[in-house]
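First the structure, in the form of structure tokens, and then the observations on it.
The values are calculated or read from the model by the stated rules, or taken from the named source; none is laboratory data. As the structure is a prediction and not an experimental result, all values here were calculated from the model. FYI the Cβ positions are ideal-geometry reconstructions off the backbone, even for glycines, and counts take in every protein chain you see. Ligands, DNA and RNA are stripped out before the accessible areas are found, and what is left, the full protein with its side chains, is counted by its heavy atoms. Shrake-Rupley method; radii C 1.70, N 1.55, O 1.52, S 1.80 Å.
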Amino acid sequence: MGIVYYEQDRIFKLDTPRTSYMMGVVDKEGFLGHIYYGKKVSGHELAYLLRTEEPPFVPSRNERDRLSFLDKFPMEYPTHGIGDFREAALRVRSAAGHKFCTLSYVSHKIFSGKKGIEGLPASFAGEGKCTTLEILCRDAHLGMEVVLSYSVFEDSDVIARHAEVANQGRERIFLEKIVSMSLDMDNRCFEALTLHGSWARECHRERRPLGRGFQGIGSRRGISGHQDHPFMALMTPATSQESGEVYGVQMVYSGNYEIRAEVSQFGTVRWQAGLEGEDFCWALEPGERFASPEALLTYSDRGLDGMTGSYHDFIRCHILRGEYKDRKRPILINNWEATYFDFDTEKLLSIAREAAKLGIEMLVMDDGWFGNRRDEFRSLGDWYVNEEKLKGGLSYLVEEVNKLGMKFGIWFEPEMISPDSDLYRAHPDWAIAVPGRTPSMARGQYVLDLSRREVVDCVWEQVEAVLRSANVEYVKWDMNRPLCDLGSLGLPPERQGELAHRYMLGVYELQERLVTRFPHILLENCASGGGRFDAGMLYYSPQIWCSDDTDAIERLAIQEGTALIYPLSTIGAHVSNCPNHAVGRNTPFETRGYVALAGTFGYELDVTRISEEDKEMIQEQAALYHKYNDLIREGDYYRIASAAENHLYDCWQVVGKDGKESLVTWIQVLCGPGRQSHMVRLKGLEESARYRVEGAGEEVELSGDILMYVGLRIPDRRGDFAGQVFHLVRVEEAE
Ligand code: DGJ
């Protein structure tokens, strides 16, 4: 494991527990070429794959065909304008207006540990737990230096990559495109797997073959978005959930991005993930540096299960921070679907009183408590308590909630400004807008220009004052519209192309202040549901509200897609009322509970107005949460069956890291043929161990191999959308 440089062959080899990644320096000019990424290999002779001993040869041997070399060579970090006509990783415009740069290897450093990336979220690991390679390359003509950074972790098959550019020249340069990672491979008939959706329909899986030319996904919305998720996998056609080769990449970034694949004339694939290149342009003065966000690469030869396992463990260990990272979260009740804007202290307390009796541990006051906020059209930006609604103020409400033995949480949307707000009346120029043009509203609101320090500070002072005024133990940080009409009065003309990224830096700074100054607060991010669910936000909040669609059946596909790369402990999931507010469907209360248990767990309904039967069910669900949450939060997650594929039922499983227990959840979507039971083949068990299986009123004892290769029998259950859970305990542990 670790990173080695073979000096004689000029080869870098990076090893993770199961994968190898290799690059080589070629020719006198020091071209850095990609050699190999995939299953772990023992040697480093793979240099012959760089094909420098075949036409067109390296330029020092065949200068006549230099262009052919540049357009074919698997550049590790290709640049624009030199004759590599494939997608560039770096496009730079000089002060004279030329778009040209070329990178030559200069030197490298290998060290234990990993540095942070200034202003940006990034993975981390303790000294000795990870090794980093920094390769310094230079464009002597521009006086520009580029450092390519790679970190490998001793416990993970994920490689963290990013790039930093320093202007060491005498003139300003413009970065027009900079990606976090570029990877050239021979095309093995790759298919791309991506996650798509829209509001209330996030993270639906889509798989399609790569064709010639460019294809990809991205966001120009200023947030990673509901539409295309900042993740892509490339897999061979035979790859399935359980077997075959998969390459995964995801961004540790929450703003505009793109992930693209290009199949070249030679049948090679160039795959890149980085900042979105169309709106982005960053001016770099002499002496200044720019860091790209981080991308997380992984490879699995164990199908999607292998990729999912690597990403889950990596995010849990190397992205999530704070006191709640590994801790059980309080069962919460949020008043949004219970009251919308129509609440006051008494209403909230009535919900809290009832909730406390049922085992709910925290009341979250959602949108509508501040300024003159009685609907969506006003008061964002006025973060002071509306004492007409909250008689006695926030402290009274929180004290009363605390007296019930419950924690208290609060909602903010700090990035926004309503045209009808005191803040807008005082600072109309703080909204992002092209000067002289009225920007487009969305949900009746504008976006605050967080690229400006005075705006960041003003928002922070208001949020901080509220948080200091009472015993607040949870914050839901919402963000309900994309960015457009990009213009900032804080930036000169040549820097307007920096706005979207500077905005994200402002958001990250605000959240960093929140988590460092209020370390005991549990932060949950949200953007109209899962509009900004990414590893960047997870660096600040250990959980994210994953969709405004709380219907248990719609949630199956949404949570399946989300759990493809994110651990269950990060997925905000609640039980809500029926008919469901988003889709109007009725599902059993029990099933809603099973689906929400595969996430952070909580409620989003008016407990003062539900049946006694549902109240009893809440108490049972709270008990299940306490019984199984450690397992769900920390265990290995496996997708067993997908209703999106079989249209009949959904099934997932979690296996404890110590292998002692497992939980299987099964949800029926349509009735199957006859009254036949279903056999589902489990995963992650020990073949020779015996397991006591409890569930569906039965108790049986079966061996691991029977459960994995023959299956667990799921009895047929009548009724719409029935759900069942099965608890498996390894027998020697039970005795
Ligand atoms: C969108 C969120 O996703 C909802 O949960 C709720 O907080 C509303 N915003 C409030 O405006």
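Some notes on this structure:
- Apart from one condition, Y540 fits all of (1) away from the ligand (no atom under 16 Å from the Cβ); (2) part of a loop (DSSP other than H, G, I, E, B); (3) open to solvent by less than 10 Å² (accessible area, probe 1.4 Å); (4) in contact with a Leu (Cβ under 7 Å, 6 or more places away or on another chain); the exception is (3).
- Selection of segment 696-714 for residues being in a strand (DSSP E or B) and at pLDDT below 90 yields only E698.
A quick yes/no check of all residues on (1) open to solvent by less than 20 Å² (accessible area, probe 1.4 Å); (2) under 32 Å from the mean Cα position of the chain (by Cα); (3) under 27 Å from L284 (Cβ atoms); (4) in contact (Cβ under 8 Å) with a residue 40 or more places away in the chain:
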residue: G43; (1), (2), (3), (4): yes, no, no, no
residue: R66; (1), (2), (3), (4): no, no, no, no
residue: L70; (1), (2), (3), (4): yes, no, yes, no
residue: L120; (1), (2), (3), (4): yes, yes, yes, yes
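- Residue within segment 345-357 that is within 16 Å of the ligand (Cβ to nearest atom) and either open to solvent by 40 Å² or more (accessible area, probe 1.4 Å) or over 30 Å from the mean Cα position of the chain (by Cα) (or both) present: yes
- Helices (runs of 4 or more DSSP H) completely within segment 250-361 that count 1 or more residues being in contact with a Lys or Arg (Cβ under 7 Å, 6 or more places away or on another chain) and over 20 Å from T194 (Cα atoms): 336-339, 345-358
- Subset of segment 482-504 [open to solvent by 10 Å² or more (accessible area, probe 1.4 Å) and either within 16 Å of the ligand (Cβ to nearest atom) or not in a helix (DSSP H, G or I) (or both)]: P482, L483, C484, D485, L486, L489, G490, L491, P492
- Selection within segment 514-537 - touching a residue at least 60 places away in the same chain (Cβ under 8 Å), open to solvent by 10 Å² or more (accessible area, probe 1.4 Å) and either away from the ligand (no atom under 16 Å from the Cβ) or under 21 Å from K328 (Cα atoms) (or both): V515, P519, H520
- Exactly one residue among G306, G287 is at positive phi, touching a residue at least 40 places away in the same chain (Cβ under 8 Å) and either outside the structural domain of S379 (by TED's automatic domain parsing) or within 16 Å of the ligand (Cβ to nearest atom) (or both), and that residue is G287.
- Strands (runs of 3 or more DSSP E) lying entirely in segment 93-196 (those with 2 or more residues that are over 30 Å from S547 (Cα atoms) and either in contact with a Pro (Cβ under 6 Å, 6 or more places away or on another chain) or among the hydroxyl-bearing types (S, T, Y) (or both)): 104-112, 130-139, 144-153, 173-186
- Of all residues in segment 437-481, exactly one satisfies the criterion of being within 16 Å of the ligand (Cβ to nearest atom), farther than 20 Å from M504 by Cα and not in a loop (DSSP other than H, G, I, E, B), namely Y474.
- Residue count for segment 720-735, restricted to those that are open to solvent by less than 40 Å² (accessible area, probe 1.4 Å) and outside any helix (DSSP H, G or I): 10.
- If you go through segment 543-562 and keep only what is surrounded by 23 or more Cβ atoms within 10 Å (Cβ to Cβ), part of a helix (DSSP H, G or I) and within 16 Å of the ligand (Cβ to nearest atom), you end up with R555, I558, Q559, T562.
- Remark: R321 matches the filter, which requires a residue to be within 28 Å of the chain's Cα centre (by Cα), basic (K, R) and more than 16 Å from the ligand (Cβ to nearest atom).
- Test result for A622, in the same structural domain as I667 (by TED's automatic domain parsing) and in contact (Cβ under 8 Å) with a residue 60 or more places away in the chain: no
- Restricting attention to segment 670-695, the residues being surrounded by 17 or more Cβ atoms within 10 Å (Cβ to Cβ) and outside any strand (DSSP E or B) number 5.
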